[in-house]
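The values are calculated or read from the model by the stated rules, or taken from the named source; none is laboratory data. If you're wondering where the values come from, they're calculated on a predicted model, not measured in any experiment. In this analysis, Cβ positions are derived from the backbone assuming ideal geometry, glycine residues included, and neighbour counts consider all displayed protein chains.
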Amino acid sequence: MNKSFVTKNASGNLDLTAEQAGISSTFDDVMTKAVSIDATLKGTVEAEMQKALNSIKNIESKIVRAEKQKQETSINQIKKIKAKFFPEDTLQERYENFAPFYIKHGKQFISIIKEELKPFDFELLILEL
């Protein structure tokens, strides 16, 4: 969730796939020239290309990490809201007993539930009391 949230809400593009493609293309050109001169240089060029691609991947992960740190406040707010609505990763009504709500709101609590509950709508319903 975190990476997809960060990617969607990033201030810029975090993906360096185009840059990797450009490096691969450049190294393919270098490979063609090097192999035409000496076929034994193929392994060297491939190794250098892999180093360059790995460097780009490392830079991309650092960019994502930096963006994550910038958005940490938003992510923490979302986590708190999720924890409130889904305590211990389960629905609130499956976690909490209705008794405290009944004590607080009295008999009208049952009426509110009857009015708002639509058992055949398979959507998440949030009641604010």
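Annotations
- Search result, residues across the range 32-72 that are within 16 Å of residue 11 (Cα to Cα) and either outside the structural domain of residue 21 (by TED's automatic domain parsing) or of a type in the set (A, V, I, L, M, F, W, C) (or both): 63, 64, 66
- Restricting the search to helices (runs of 4 or more DSSP H) fully inside the range 76-122 and requiring at least 1 residues that are of a type in the set (Val, Ile, Thr) gives 99-105, 108-116.
- Pairing residues of the range 79-96 that are polar (S, T, N, Q) with residues that are in a helix (DSSP H, G or I), at Cβ distances under 9 Å and at least 6 apart in sequence or on separate chains, gives 92/84; 92/85.
- Filter pass, residue 111 being without any contact (Cβ under 8 Å) to a residue 24 or more places away in the chain, among the small types (Gly, Ala, Ser), surrounded by 11 or more Cβ atoms within 10 Å (Cβ to Cβ) and farther than 30 Å from residue 21 by Cα: yes
- Of all residues in the range 1-59, exactly one satisfies the criterion of being touching a residue at least 24 places away in the same chain (Cβ under 8 Å) and loosely packed, with under 10 Cβ neighbours inside 10 Å, namely 11.
- Among all residues of the range 8-25, there is none that is at pLDDT below 95, part of a helix (DSSP H, G or I) and touching a Ser or Thr at 6+ places or on another chain (Cβ under 8 Å).
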